[in-house]
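**Student:** Mind looking over this structure? Questions follow.
The values are calculated or read from the model by the stated rules, or taken from the named source; none is laboratory data. As the structure is a computational prediction, the values presented were derived from the model and not from experiment. Don't worry about glycine lacking a Cβ; one is built from the backbone with ideal geometry, like all the others, and counts go over all protein chains shown.
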Amino acid sequence: MKEINLTRIKIFLFPLLILLIMILSTFPFNYIGIFNFFEIMPLIIFLSGFIVILIGALYDFGASDYLKTTMTGKGKLTDENIRNINKQQLVMTLLFICDGIIYMIVGYIIYII
């Protein structure tokens, strides 16, 4: 169970790392004066939050591969397996929704500043 939680944390932190890179990579351009960070980035970050939520909602997180290997191996697919797959996908989707909401909140905070 600890291995699953570690994988979830890694997948959860990856979009947050991208958010941090997005924010930090624009500061040199803002400092030079090419564009104003506070005018452009809030919208980009807010829309990126929607993209992160859609990725989390539409990605299957390996469930199709698991089902394919189970069926090709003539394994039994029980209701317990299906419930477990659905539970794992729900948890991952909720994590991506949380990431997307964090993106939106950060975009809104930058807009307010």
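**Student:** Of a type in the set (A, V, I, L, M) and either touching a Phe, Trp or Tyr at 6+ places or on another chain (Cβ under 6 Å) or at pLDDT below 90 (or both): does that describe Ile32?
**Tutor:** So Ile32 fits the description; yes.
**Student:** Next question, about the same structure. Please determine, by comparing only the residues of segment 35-81 that are hydroxyl-bearing (Ser, Thr, Tyr) and surrounded by 13 or more Cβ atoms within 10 Å (Cβ to Cβ), which one is modelled with the highest pLDDT.
**Tutor:** At the first step, the residues of segment 35-81 found to be hydroxyl-bearing (Ser, Thr, Tyr) are 48, 59, 64, 66, 69-70, 72, 78.
If we keep only those that are surrounded by 13 or more Cβ atoms within 10 Å (Cβ to Cβ) as well, we get 48, 59, 66, 70.
Numbers: Ser48: 94, Tyr59: 82, Tyr66: 77, Thr70: 77.
Ranking the qualifying residues of segment 35-81, first place goes to Ser48.
**Student:** Something else now. Please identify the pairs in which a residue from segment 38-60 that is within 9 Å of Gly107 (Cα to Cα) has its Cβ atom under 6 Å from the Cβ atom of a residue that is among the polar types (S, T, N, Q) and assigned to a helix (DSSP H, G or I), counting only partners at least 6 apart or on another chain.
**Tutor:** Taking only residues 6 or more apart or on different chains, the pairs are Met41/Thr26.
**Student:** Considering only residues of segment 21-34 that are among the aliphatic types (A, V, I, L, M) and surrounded by fewer than 12 Cβ atoms within 10 Å (Cβ to Cβ), which is nearest to Leu95 (Cα to Cα)?
**Tutor:** Pass one, segment 21-34, residues among the aliphatic types (A, V, I, L, M): 21-24, 32, 34.
From the residues that got through so far, the ones that are surrounded by fewer than 12 Cβ atoms within 10 Å (Cβ to Cβ) too are 21, 24, 32, 34.
Details: Ile21: 20, Leu24: 23, Ile32: 36, Ile34: 35 Å.
Top of the filtered list is Ile21.
**Student:** List pairs: first residue in segment 8-34 and at negative phi and β-branched (Val, Ile, Thr), second residue surrounded by 11 or more Cβ atoms within 10 Å (Cβ to Cβ) and in a helix (DSSP H, G or I) anywhere in the structure, Cβ distance under 7 angstrom, at least six positions apart or on different chains.
**Tutor:** Taking only residues 6 or more apart or on different chains, the pairs are Ile11/Met92; Ile11/Leu95; Thr26/Phe37; Thr26/Met41.
**Student:** Next question. Tell me the residue from Ile11, Ile21, Ile55 that is among the hydrophobic types (A, V, I, L, M, F, W, C) and more than 29 Å from Asn81 (Cα to Cα), please. Step through it out loud before you land on a result.
**Tutor:** Working: Ile11 fails: more than 29 Å from Asn81 (Cα to Cα); Ile55 fails: more than 29 Å from Asn81 (Cα to Cα).
Step by step, each of Ile11, Ile21, Ile55 is checked, and only Ile21 is among the hydrophobic types (A, V, I, L, M, F, W, C) and more than 29 Å from Asn81 (Cα to Cα).
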